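Working notes, structure below.
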Amino acid sequence: MAKITYKHPDGTETVVEVAAPNTVMRGAKLNNVEGIVAQCGGSAQCGTCHVYIDEGNRLPLPEMHEAEDDVLYGTASERRPTSRLSCQLPVSEDIDGLVVHLPPTQT
């Protein structure tokens, strides 16, 4: 299990516990977190699960693959250095406490 904090554009936070082997995206969908659309269901094709990793993050996240990198150039909200697709972030105890910021729009 990992506790994930989803920070909404209006400043509110949703904190949920997500079990492995889910992803940060799947954890949001399972817990009805607003702001993650996930149209492609987690196959890194649509960019509607775009998040910004908190700039203070020190938790180990997987390297970004080329496909994720390409998709992030076409997201509805601006790409930033901290942009990731939440479907490409597997949940494990190692990321307990992860904070992600939701962009203003996904579509």
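The values are calculated or read from the model by the stated rules, or taken from the named source; none is laboratory data. All values reported here derive from a predicted model rather than from experimental measurement. Cβ atoms come from the backbone with ideal geometry, glycine included; neighbour counts cover every protein chain shown. Calculation scope for accessible area: heavy atoms of the full protein, side chains included, ligands and nucleic acids excluded. Shrake-Rupley method; radii C 1.70, N 1.55, O 1.52, S 1.80 Å.
Find, among the trypsin sites (Lys or Arg not before Pro) in the stretch 14-66, those assigned to loop by DSSP (not H, G, I, E, B) with at most 14 other beta-carbon atoms within 10 angstrom.
Sparse-neighbourhood loop trypsin sites (Lys or Arg not before Pro): R58.
When the accessible area of the stretch 1-77 is split by element with a 1.4 Å probe, what percent falls to carbon and sulfur?
45
With all distinct Cα pairs included, what does the Kirkwood hydrodynamic radius of the stretch 2-101 come out to in Å, to one decimal, could you say?
About 13.3 Å, per the Kirkwood formula over Cα pairs.
Quick one: what are the phi-derived ³J(HN,Hα) couplings along the stretch 71-86, Karplus 6.51/-1.76/1.60 with θ = phi - 60°, whole Hz, x for glycine and proline?
Each residue of the stretch 71-86 in turn: 5, 5, 6, x, 6, 5, 9, 3, 7, 10, x, 9, 5, 8, 8, 5 Hz.
Accessible area of E78, 1.4 Å probe, to the nearest 10 Å²?
Its heavy atoms expose roughly 120 Å² to the probe.
How large is the accessible surface per residue of the chain, computed with a 1.4 Å probe and reported in Å² as a whole number?
Ligands and nucleic acids excluded, the figure is 54 Å² per residue.
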